[in-house]
Amino acid sequence: MKILIVSDTHGHEENLERVVKKVGKIDCLLHLGDVEGQEDYIEALVSCPVHIVAGNNDFFSELPREIVVTIGDYRILMTHGHYYGVSVETSMLKEEALARGCNVALYGHTHRPDLEIESEITVLNPGSLSYPRQHGRKPSYAIMEIDEKGIAHYDIYYLESCK
């Protein structure tokens, strides 16, 4: 099972379109906020389940602030992250996810990719497809792939250039 994880597209879906073409068939798309009114377009872009949470720039949105989804044996907390101080550290997010019985926490907001794999929880930020802020400033996304044994593997990928 292949799950595409993205965040912070900010209404500019060109790179998301490129990623969808590049990765091929996906079983689920998870967007961690700051879609800026493009949720219907994003849902129409792929032919699989789509889960989207609101980001701090999704003004007047009816998107949920955060959700918990179950994929395989993984209980995943999806949030934009700004309510958990993720710009400084992820400890509050980890605590919340564990309190909800989750073993994966996904967040955006910082526009910097991050992957922390610990014994009890995995924390992942795919970075931003529109306004990357990490060294090199390449747009990024992540893929969570669940193998035939039900074990998740996580990878962060970068687009070489923006159009």
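Count, please, the residues in the stretch 115-150 that happen to be basic (Lys, Arg) and either touching a strand residue (DSSP E or B) at 6+ places or on another chain (Cβ under 6 Å) or in contact (Cβ under 8 Å) with a residue 24 or more places away in the chain (or both). Show your work before the answer.
The initial filter retains those residues of the stretch 115-150 that are basic (Lys, Arg), namely 133, 137-138, 149.
Checking which are either touching a strand residue (DSSP E or B) at 6+ places or on another chain (Cβ under 6 Å) or in contact (Cβ under 8 Å) with a residue 24 or more places away in the chain (or both) leaves us with 138.
Result for the stretch 115-150: 1.
Please determine, by comparing only the residues of the stretch 115-133 that are surrounded by fewer than 16 Cβ atoms within 10 Å (Cβ to Cβ) and not hydroxyl-bearing (Ser, Thr, Tyr), which one is farthest from residue 88 (Cα to Cα). Write out each step before concluding.
Start the filter on the stretch 115-133 by keeping residues that are surrounded by fewer than 16 Cβ atoms within 10 Å (Cβ to Cβ), which leaves 115-120, 131, 133.
From what's left, not hydroxyl-bearing (Ser, Thr, Tyr): 115-118, 120, 133.
Values: 115: 15, 116: 15, 117: 18, 118: 19, 120: 21, 133: 15 Å.
Here the residue is 120.
Kindly list the number of the only condition in (1) out of contact with any strand residue (DSSP E or B) (no Cβ under 9 Å at 6 or more places or on another chain); (2) open to solvent by 70 Å² or more (accessible area, probe 1.4 Å) that fails for residue 112.
The number of the failed condition is (1).
Looking at this structure, is residue 101 open to solvent by less than 10 Å² (accessible area, probe 1.4 Å) and part of a loop (DSSP other than H, G, I, E, B)?
For residue 101, the condition - open to solvent by less than 10 Å² (accessible area, probe 1.4 Å) and part of a loop (DSSP other than H, G, I, E, B) - is not met.
Only residues that are closer than 20 Å to residue 73 by Cα, among the aliphatic types (A, V, I, L, M), open to solvent by less than 30 Å² (accessible area, probe 1.4 Å) and assigned to a loop (DSSP other than H, G, I, E, B): list them for the stretch 1-53, please.
26
So, residue 88, is that one aliphatic (A, V, I, L, M) and open to solvent by less than 60 Å² (accessible area, probe 1.4 Å) or not? Explain how you work it out, then say what you get.
Details: aliphatic (A, V, I, L, M): yes; open to solvent by less than 60 Å² (accessible area, probe 1.4 Å): no.
It is false that residue 88 is aliphatic (A, V, I, L, M) and open to solvent by less than 60 Å² (accessible area, probe 1.4 Å).
Would the stretch 69-78 turn up any residue that is under 20 Å from residue 157 (Cβ atoms), at pLDDT 95 or above, crowded, with 22+ Cβ neighbours inside 10 Å and in contact with a Leu (Cβ under 7 Å, 6 or more places away or on another chain)?
Yes, because at least one residue in the stretch 69-78 is under 20 Å from residue 157 (Cβ atoms), at pLDDT 95 or above, crowded, with 22+ Cβ neighbours inside 10 Å and in contact with a Leu (Cβ under 7 Å, 6 or more places away or on another chain).
Report, by residue number, each residue of the stretch 110-159 that is among the charged types (D, E, K, R), assigned to a loop (DSSP other than H, G, I, E, B) and either within 23 Å of residue 13 (Cβ to Cβ) or touching a Ser or Thr at 6+ places or on another chain (Cβ under 8 Å) (or both). Before the answer, list the steps.
Let us first name the residues in the stretch 110-159 that are among the charged types (D, E, K, R), namely 112, 114, 116, 118, 120, 133, 137-138, 145, 147-149, 155.
Pick out the ones that are also assigned to a loop (DSSP other than H, G, I, E, B) and you get 112, 118, 120, 133, 137-138, 147-149.
Hits for the stretch 110-159 are 112, 133, 137, 138.
The values are calculated or read from the model by the stated rules, or taken from the named source; none is laboratory data. Please read these numbers as outputs of a predicted model, since none were measured by experiment. Neighbour counts run over all protein chains shown; Cβ positions are idealised from the backbone, glycine included. Surface areas here come from the heavy atoms of the whole protein model, side chains and all, with no ligands, DNA or RNA. Shrake-Rupley method; radii C 1.70, N 1.55, O 1.52, S 1.80 Å.
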